[in-house]
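Some notes on the structure that comes next.
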Amino acid sequence: MTTETHAPDAALARLTELDQRVLLHPHRPLTMTETLMLVRGEGCRLWDAAGNEYLDAAAGLALCQIGHGNRDVAAAAATQIGELEYWPTFWEYSNPRAVELAVRLAELAPLEEPKVFFASGGSEGIEAAMRMARLYHSTRGNPERSIVLARECGYHGVGYGSGSLTGFDDFHRGFEPMLPDVAHLTPPWACRPELFGGEDPTDFCVRELERTIERLGAGRIAAFVAEPVMGVAGMVTPPPDYWPRIGALLREHGILLIADEVVTGFGRTGHWFASERYGLRPDLIVTAKGITSGYVPLGAVLIAGPVAAELDRGPDGFPIGYTYSGHPTACAVAMANLDLIEARGLVARATELGELILAGLAPLAELQLVVEVRGAGAMLAVELSRETGAGEEVGNVVGRAIRREHAVLVRPQGAVLSIAPPLVMSDAQARRLIEAVSDVVGRLDSEGAVA
Ligand code: PLP
């Protein structure tokens, strides 16, 4: 081999070695020795540094609605950076991109006369929404309404407030004490009857909420935070009567509903917001991810008018902000991203694509080691049995085999294989995804290995 052919390999080896030494990766165990160095993307295709091509069926962390490498978005970012890359929106300062995006979000949001507050991502948005819920009650003379309800297996980020709402022990262990005044309820994970003692899932969850309100006192509860469809848990879709009944109970007791639409927003479930799909009537909606398709970090809290009206009454107005709130370049990218979602009909495409993939994967539900195949638009999941020799790790085993054997990227989450394709995925690519998942899941054995 010539030196030239060796050079990229040597460079990659060096990068990989530096990666292991210097980069602290989220969720990478020391036992993991493999590094997948991704260098390029186009639509649903990705390439690693060695030139291997992959099909993206995970949209990164479920956010890349418009696909990778879009030049229109790159141009929008470059233009804005050339004009005014950054200025804060604190005090009297503003910028046209932040205003335009706020107007657009306010028009899209299923909320009454909303206002928009910008953050840099999902965790920050949840932190802000928690503060808003407490401040709202406090301003109205109810400062004792401080408790925030969330759900086991709900994911809301990793700030100390948002992380306290996140309902997974792994995100708390070693970090305690977490925030007080947070209570977790049972998720409506219908295919896990053990969670409900044999009762109907919605009946159980509604009764549990009633009892929690009774026990804690409605006058002490500020808000209920929840994902309309639970992403990190494994694309857990609620029974149809769950949200109408939970929502009615919250309203009856003056508890604000914060819809965490960080994953579900911007077309992912076949609606601009999943709140519309499931009939939620939230007071606040937290968004991030799909707002820019991940091209740059951005989050936005959409606040219903009656709540917003209580937030900036004090002498300092709304008294918190992030350095990057209303970042002109991030807002310009979001506008270009929303233009593309609209122009390409990607909200409707999410429904169509989801139906195609769901129909293709549905036969897997007949297999003994498959618990459920489900989906809401382009948020899909194959839930595997926890009874194989691999236990909760079964998703990892299957997900890795799908990548290794088919070069398709899905996201293993415990026993669930989650699928969230970029919404620009073609029918042919969707069929390739279905084939890859079906092939590997079909070969899963009771030992928890892929035969
Ligand atoms: N909320 C939900 C539903 C999420 O899925 C996530 C991230 O995956 C977050 C909040 C946190 O967002 P970020 O990682 O941008 O802080």
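The values are calculated or read from the model by the stated rules, or taken from the named source; none is laboratory data. Note that the structure is a prediction, hence the values are computed from the model and not measured. Cβ placement follows ideal geometry from the backbone for every residue including glycine, while neighbour counts extend to all protein chains displayed. SASA here: full protein model, heavy atoms, side chains in, ligands and nucleic acids out. Shrake-Rupley method; radii C 1.70, N 1.55, O 1.52, S 1.80 Å.
Listed values, structure above:
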item	result
Counted charge near residue 388, where neighbours are those whose Cβ lies closer than 11 Å (Asp, Glu -1; Lys, Arg +1)	-4
Where the chain is the region considered: accessible area per residue in Å², 1.4 Å probe	44
Two-decimal log10 I(q)/I(0) for the chain, as the Debye equation yields it once each C-alpha is a single scatterer, q = 0.05, 0.06 Å⁻¹	-0.18, -0.26
Cut-off 15 Å between beta-carbons: net charge of the residues surrounding residue 22, Lys and Arg +1, Asp and Glu -1	+1
Surface share of carbon and sulfur [accessible, 1.4 angstrom probe, percent] for region 72-343	54
Unit charges at the beta carbon, dipole of the chain: most positive-side option, 311, 158, 278	311
Within region 72-343, percent of DSSP bridges classed antiparallel, to nearest 5	40
Contact order relative to length of region 72-343, as percent, for alpha carbon pairs under 8 angstrom and 6 or more apart	30
